[in-house]
Amino acid sequence: MKTALITGVTAGIGEACTRRFVAHGWRVIGTGRRGDRLKRLADELGEPFTPIELDMRDQEAVVEVGAGLPSVDLLINNAGYATEAVPLQDADLDPIRGMIETNIVGLVTLTRTLLPRLIERKGAVINLSSVAATYPYRGGCNYAGTKAFVRQFSLGLRCDLQGTGVRVTSIEPGMVETEFTVVRNGGDQAASDAFYAGADPMTADDIAASIWWIATLPAHLNINVLELMPVNQSWAGFAVHRSA
Ligand code: 8X3
């Protein structure tokens, strides 16, 4: 039985991946911050699912969890979030630090801790980046910066793992309707609904299907980067400030 470690399984893409991999006969070890949701998922999925309560900002806990795991075939570094999209000059630093600790430091720590056991299995790492890694927008410099890190970390990790057989992918979705935008707006469901209204955004399951495809490709084939958007999302032009 193949085993995947998936971070951030209590909602959205992580939860959709968990359901998809379990449905295909994998064992999933899933981490998340919300114990009640982990328990609900464990009650529903039963024996193939092992829940672990973990806050990716807590680096000691990340090392402890990573070091206690068995060999795994796949690490999906999904846990991550965006702080409110306000210009840096108006933003509070504490939430930004928390995001950087989760999206970057936690991801690197868990990956480093687990790599020897991924190498044993000639496994794979799939990292959740974002279109924000490539296309800047106002209020997103820190979030986009973390996701650009994730992409470049993924490409560089391929170099480090040359010859080990371990595959690494950066997957970079645009609008996916999940709790992402509720979190970004401090719990404001109406703001999230307005953001996705009429856009026919991607679903968590669209991304889980792509991750399943990447994970089950022949072992000699590596998807380096995969960028996805809903058809209704594209790019705006340059912003130009003009003096009066
Ligand atoms: C977030 C992507 O397009 O919702 O990672 O800003 S988008």
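The values are calculated or read from the model by the stated rules, or taken from the named source; none is laboratory data. This structure is a prediction, so every number in the text was calculated from the model and none was measured. As a convention, Cβ positions derive from the backbone with ideal geometry for all residues, glycine included, and neighbour counts pool all protein chains shown.
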What is the number of the single condition among (1) away from the ligand (no atom under 13 Å from the Cβ); (2) touching a strand residue (DSSP E or B) at 6+ places or on another chain (Cβ under 8 Å) that V176 does not meet? (1)
Counting only residues that are in contact with a Ser or Thr (Cβ under 9 Å, 6 or more places away or on another chain), surrounded by fewer than 16 Cβ atoms within 10 Å (Cβ to Cβ) and of a type in the set (G, A, S), which one in the range 52-74 is modelled with the lowest pLDDT? S71
Give the residues of the range 1-25 that are crowded, with 21+ Cβ neighbours inside 10 Å, among the hydrophobic types (A, V, I, L, M, F, W, C) and not in a helix (DSSP H, G or I), sorted by residue number. A4, L5, I6, V9
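Inspect all residues belonging to the range 63-80 and state whether any of them is under 14 Å from the mean Cα position of the chain (by Cα), without any contact (Cβ under 8 Å) to a residue 40 or more places away in the chain and within 15 Å of the ligand (Cβ to nearest atom). Don't jump to the end; show me each part of the working.
First, pick out the residues of the range 63-80 that are under 14 Å from the mean Cα position of the chain (by Cα): 74-80.
Subset that is without any contact (Cβ under 8 Å) to a residue 40 or more places away in the chain: none.
Checked the range 63-80: no residue is under 14 Å from the mean Cα position of the chain (by Cα), without any contact (Cβ under 8 Å) to a residue 40 or more places away in the chain and within 15 Å of the ligand (Cβ to nearest atom).
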Which numbered condition Q162 misses (of (1) part of a loop (DSSP other than H, G, I, E, B); (2) within 14 Å of the ligand (Cβ to nearest atom); (3) at negative phi; (4) not aromatic (F, W, Y)): (2)
Would you check if V168 is within 19 Å of A208 (Cα to Cα), within 16 Å of the ligand (Cβ to nearest atom), crowded, with 18+ Cβ neighbours inside 10 Å and of a type in the set (V, I, T)? no
I'd like to know if the range 207-216 contains one or more residues that are more than 23 Å from V108 (Cβ to Cβ), within 14 Å of the ligand (Cβ to nearest atom) and crowded, with 17+ Cβ neighbours inside 10 Å. no
